[in-house]
């Protein structure tokens with residue numbers, strides 16, 4: 001078993017915008033804010049090949065925002081909410097931008113500079129991808145340096161100890177974990193601290209798959225079975241890495257101190273059990289005005 005066995009109670013798990021968890025061994029209350037999927041699209045002459053696509057997707061997402069407000073405004077409002085509630089940490093789980101343009105990255109940087117809390121940022125599949133490039137690991141690695149200043153120079157995997165808990169962020173934006181990321185995850189879970197995991201793409205759990213397939217026609221989550229061959233090509237998923245399957249087993253069967261997983265990607269809210277005492281929470285996308293307050297309380 002990874003870490004120590006813990007008793008947690010998920011006191012509020014069906015609310016789209018607030019989650020309350022009582023954690024065994026927690027000495028003080030903590031408040032976190034989870035933000036995902038803003039899909040801000042912008043570009044300037046530093047990324048000339050992205051200008052047309054950025055303008056197109058900016059208009060597209062503004063047809064899906066409340067009252068057609070700019071996606072950047074919703075992102076700024078979510079960050080301001082973090083400060084308003086006095087969040088102890090802010091967690092951003094990818095697709096905050098729709099392309100990795102220099103201008104879009106400046107929007108993120110300006111935003112997180114306004115935070116009064118520490119933060120973790122992990123990438124989504126749109127954060128590192130331009131439509132005029134190939135969607136593959138080489139493209140992701142080529143754009144990783146643009147995110148160094150947001151990820152403490154380690155965009156693939158990060159961790160933050162906060163009071164009695166550990167926050168872990170892993171980039172699974174290609175639907176996989178590398179052996180190196182898996183080793184990092186195992187190392188971070190090998191603690192007596194309760195752990196929360198932040199990723200972009202949800203892991204496959206039975207309660208989530210039907211809703212995902214209903215919306216997307218394919219099981220667009222990590223370590224899922226049931227892909228069509230056409231779907232694999234469209235979403236560029238490929239075959240499961242051994243390390244991806246090992247990660248799924250680690251999270252669903254072995255990591256007894258894993259309290260919760262928080263993610264986005266599928267553009268709707270959901271909660272479901274990963275294993276007894278651990279839930280996975282998919283947060284409503286920021287471009288729809290969504291974010292999730294996470295309130296951690298000592299077990300009484």
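Each reported figure results from applying straightforward, stated rules to the coordinates on display, with no laboratory input. What you see is a predicted model, and the numbers here were worked out from it, not measured in a lab. Every residue, glycine as well, gets a Cβ built from its backbone with ideal geometry; the counts of neighbours run over all protein chains shown.
Taken together, the residues in segment 94-111 that are out of contact with any helix residue (DSSP H, G or I) (no Cβ under 7 Å at 6 or more places or on another chain) and either part of a strand (DSSP E or B) or surrounded by 20 or more Cβ atoms within 10 Å (Cβ to Cβ) (or both) amount to 3. For segment 212-258, a tally of residues being touching a strand residue (DSSP E or B) at 6+ places or on another chain (Cβ under 9 Å) and exposed (fewer than 15 other Cβ atoms within 10 Å of the Cβ) returns 1.
For segment 262-273, taking the residues that are touching a residue at least 60 places away in the same chain (Cβ under 8 Å) and surrounded by fewer than 24 Cβ atoms within 10 Å (Cβ to Cβ), the one that is nearest to residue 75 (Cα to Cα) is identified as 267. The number of residues in segment 260-300 being out of contact with any strand residue (DSSP E or B) (no Cβ under 6 Å at 6 or more places or on another chain) and either assigned to a helix (DSSP H, G or I) or within 16 Å of residue 89 (Cβ to Cβ) (or both) comes to 2.
Selection of segment 135-170 for residues being free of Cβ contacts under 8 Å to residues at least 60 places away in the same chain and closer than 25 Å to residue 296 by Cβ yields 150, 151, 152, 154, 157, 158, 159, 161, 166, 168, 170. Residue 132 - would you say it is under 21 Å from residue 221 (Cα atoms), in a loop (DSSP other than H, G, I, E, B) and in contact (Cβ under 8 Å) with a residue 60 or more places away in the chain? Considered against the rule, which asks whether it is under 21 Å from residue 221 (Cα atoms), in a loop (DSSP other than H, G, I, E, B) and in contact (Cβ under 8 Å) with a residue 60 or more places away in the chain, residue 132 comes out as no.
As for segment 180-190, it holds no residue that is assigned to a loop (DSSP other than H, G, I, E, B), surrounded by 21 or more Cβ atoms within 10 Å (Cβ to Cβ) and at negative phi. None of 91, 123, 79 is assigned to a helix (DSSP H, G or I) and either buried (at least 24 other Cβ atoms within 10 Å of the Cβ) or touching a strand residue (DSSP E or B) at 6+ places or on another chain (Cβ under 8 Å) (or both) except 79. Quick one: is residue 118 touching a strand residue (DSSP E or B) at 6+ places or on another chain (Cβ under 6 Å), in contact (Cβ under 8 Å) with a residue 40 or more places away in the chain and surrounded by fewer than 20 Cβ atoms within 10 Å (Cβ to Cβ)? Spelling it out, residue 118 is indeed touching a strand residue (DSSP E or B) at 6+ places or on another chain (Cβ under 6 Å), in contact (Cβ under 8 Å) with a residue 40 or more places away in the chain and surrounded by fewer than 20 Cβ atoms within 10 Å (Cβ to Cβ).
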